[in-house]
Amino acid sequence: MPHALIIGASRGIGAEFVRQYRAEGWQVTATARGDEALATLRAQGATAIALDVASAESTSRLARQLDGAAFDVIVHVAGVLQRQSGLAPPTDADFDHTMHANVLAPMRVLPQLADMLAPGAKLALISSKMGSMGARASTSSWLYRASKAAANSVLKDLSLEWAGRATCVSFHPGWVRTDMGGSNADITAQESVAGMRRVIAGLTPQDNGRFLNYDGSEIPW
Ligand SMILES: NC(=O)c1ccc[n+]([C@@H]2O[C@H](COP(=O)([O-])OP(=O)(O)OC[C@H]3O[C@@H](n4cnc5c(N)ncnc54)[C@H](OP(=O)(O)O)[C@@H]3O)[C@@H](O)[C@H]2O)c1
C-alpha cells in the first residue's frame, strides 16, 4: 500500500489530500497542530502527528516521530497569508509570522525526510502563482509573494539535493475555495487536489524541479 505524508492537514487543501488518498486506500500520515484536527485525522484512518511547522521545538521532534517510515508521496501544504495592498513595509511580527510558516518551515521539515523516501518518491511543495516572478502582474500581498518566491527557491534546492531519489515539484493549487482562498475562488479543494494528485501520479524524474499549476501546466519561476 503506498504511503503519503501530508504536512499541514487540519483543513483546506491539506485535509482534502488526506481525504482523497485515504479514499483510494493509501496509508496516510498527516500532521496538524490542534488536538481536534489530530482526532479527526485519526478517525479517517490516518496516522496523526502533532506538528507546528513554525516552531523549532516542534519540528525538531519530527524525524523521531516518523522513524522507519518510507513515503511514496510527500506534500508540504501548511502556509499562511496576510493580505496587504501596496508596498507597505511589513512589521517585524508580520514578516516573521509569514516567513517562518512559509519559508523556514519547509527548510526545517523537509530535509529531515531525506532518509524516508521510498524508491521513486515524489515531493510536492504547495507554493503559489503569487510567488512567480515571471508571471508577476500585481503587487498585492507582497510579503506573501516574497515568501512563496523564497519557498520556490527552497524547493529548487531540494530538487537538486534529492535528484535521483525523488521527483520534487512546486505547485500552484489554483485559486481554491478554502479559509485562505475565500468563497469567491475559482475551484473547490476537491478539484484542486484531484488535479494535483493526477499530476503527482504522472511525474517522472524528468519533471524534477518544475513549477506546475494544479492542472499540470508549467508556471514560470
Ligand atoms: N486557497 C488558495 O487559493 C491558495 C492559492 C495559492 C496557494 N495556496 C497555498 O496552499 C496551502 C494551503 O492553503 P489553504 O487554502 O488550504 O489554506 P487554509 O485553509 O488557510 O489552511 C492553512 C493550513 O496551513 C496550516 N498551518 C498554517 N500555519 C501552520 C503552522 N505554524 N503549523 C502547522 N500548520 C500550519 C493550517 O493549520 P491550522 O488549522 O492549525 O491553522 C491549515 O491546515 C498554503 O500553503 C497556501 O499558501 C492556497
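Brief remarks follow.
- Surface calculation, 1.4 Å probe, protein heavy atoms: residue 214 sits at approximately 60 Å² accessible.
- For residue 40, solvent-accessible area (1.4 Å; no DNA, RNA or ligand), Å²: 80
- Only Cα pairs under 8 Å and 6+ residues apart enter the sum, and on that basis the relative contact order of region 100-218 stands at 27 percent.
- Between 0 and 90°, nearest 10: helix 142-161 axis offset from the chain longest Cα axis: 40
- Taking every alpha-carbon pair under 8 Å whose residues sit at least 6 apart, the chain reaches a relative contact order of 18 percent.
- Residues 125, 160 ordered from highest to lowest accessible area at a 1.4 Å probe: 160, 125.
- Computed from backbone phi, the HN-Hα couplings of region 167-177 come to 9, 10, 9, 9, 10, 8, x, x, 8, 10, 6 Hz, rounded to whole numbers (Karplus: 6.51 cos²θ - 1.76 cosθ + 1.60, θ = phi - 60°; Gly and Pro given as x).
- For region 128-139, Karplus couplings with θ = phi - 60° (6.51, -1.76, 1.60), whole Hz, Gly/Pro x: 6, 4, 5, x, 6, 8, x, 9, 5, 9, 8, 10
- Computed E for residue 107/residue 83 - FRET, C-beta separation, R0 35 angstrom, nearest 0.05: 0.90
- Counting Lys and Arg as +1 and Asp and Glu as -1 over every other residue whose Cβ lies under 13 Å from the Cβ of residue 52, the net charge comes to +1.
- Shape class of the chain from the alpha-carbon gyration tensor: rounded, with the ratio a/c of largest to smallest axis under 1.5.
- Partners of residue 122 within straight-line reach, counting aspartates and glutamates whose Cα lies under 13 Å from its Cα and excluding those fewer than 8 residues away in the same chain: 72, 207.
- Cut-off 15 Å between beta-carbons: net charge of the residues surrounding residue 80, Lys and Arg +1, Asp and Glu -1: +1
- Per-pair calculated FRET efficiency, R0 = 45 Å: residue 138 and residue 118 via Cβ, rounded to 0.05: 0.70
- Sequence of 71, 95 when ordered by accessible area, the most exposed leading, probe 1.4 angstrom: 95, 71
- About the centre of its Cα atoms, region 39-106 shows a dipole size close to 220 debye [charges on the beta carbon of Lys, Arg (+1) and Asp, Glu (-1) only; nearest 20 debye].
- Cα-based helix-to-principal-axis angle, 12-23 vs the chain, degrees rounded to 10: 20
- Our coupling estimate for region 65-80, obtained by passing each phi through the Karplus curve with A = 6.51, B = -1.76, C = 1.60 and θ = phi - 60°, is 5, 9, 3, x, 6, 9, 9, 7, 9, 10, 10, 9, 10, 3, x, 10 Hz, Gly and Pro reported as x.
- Ranking of 191, 36, 218 by solvent-accessible surface, largest first: 36, 218, 191 (1.4 Å probe, protein heavy atoms only, all chains present).
- Within the accessible surface of the chain, defined with a 1.4 Å probe on protein heavy atoms only, the carbon and sulfur portion equals 52 percent.
The values are calculated or read from the model by the stated rules, or taken from the named source; none is laboratory data. The model shown is predicted, which means the values in this text are computed figures rather than measured ones. Cβ: placed from backbone, ideal geometry, glycine included. Neighbour counts: every protein chain shown. Surface accessibility is based on the protein's heavy atoms, side chains included, excluding ligands, DNA and RNA. Shrake-Rupley method; radii C 1.70, N 1.55, O 1.52, S 1.80 Å.
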